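The values are calculated or read from the model by the stated rules, or taken from the named source; none is laboratory data. Note that the coordinates shown come from a computational prediction; the quantities given were computed from them, not determined experimentally. Note that each Cβ is placed from the backbone with ideal geometry, even for glycine, and that neighbours are counted across all protein chains shown.
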Amino acid sequence: MDDELRAVIDLELRLLDLDVRRSRELAGPLIDPDFREYGASGRVWDRESVLTVVFPADHEPLEVSDETAVRLADDVVLVTYRTRRRERTVLRSSVWRRDPGGPWRVLFHQGTPVPTER
């Protein structure tokens, strides 16, 4: 994996950091104005709605694994990974893009819960 793809994965992981998520000033520059998310809950989010989410003080961080990134075009990267919190596992994918010479920003995110084995 090249350094630029690793940098985009690092930006994705930064968005999972609760200190970043709780700060409009820190999270805002990482989120594209045209952002959309199909959440693991089934809810559809836009940029403004994710920037106004309030996380409780005892919100548990996610365990992250299997991070990978692939370049879809010169200025478009797909990031995929798996998260886990307690017994819930979610497959996640994000599309990051940048304008020429601009910063990388997340354009799209989707979380798909993995069924619990019985």
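When the residues of the range 30-45 are narrowed to those that are under 13 Å from the mean Cα position of the chain (by Cα) and at pLDDT 90 or above, which ends up farthest from Thr89 (Cα to Cα)?
Checked the range 30-45; the qualifying residue farthest from Thr89 (Cα to Cα) is Asp32.
For Phe55, state whether it is touching a strand residue (DSSP E or B) at 6+ places or on another chain (Cβ under 6 Å) and either surrounded by 10 or more Cβ atoms within 10 Å (Cβ to Cβ) or on the phi < 0 side of the Ramachandran plot (or both).
No; evaluated as a whole, the condition is false for this residue.
Select from the range 65-90 the residues that are surrounded by 15 or more Cβ atoms within 10 Å (Cβ to Cβ) and either at pLDDT below 95 or of a type in the set (S, T, N, Q) (or both) and write down the one among them that is nearest to Arg43 (Cα to Cα).
Among those residues, the one meeting the criterion is Val90.
Check whether at least one residue in the range 7-24 is part of a strand (DSSP E or B), surrounded by 11 or more Cβ atoms within 10 Å (Cβ to Cβ) and touching a strand residue (DSSP E or B) at 6+ places or on another chain (Cβ under 9 Å), and report yes or no.
There is no residue in the range 7-24 that is part of a strand (DSSP E or B), surrounded by 11 or more Cβ atoms within 10 Å (Cβ to Cβ) and touching a strand residue (DSSP E or B) at 6+ places or on another chain (Cβ under 9 Å).
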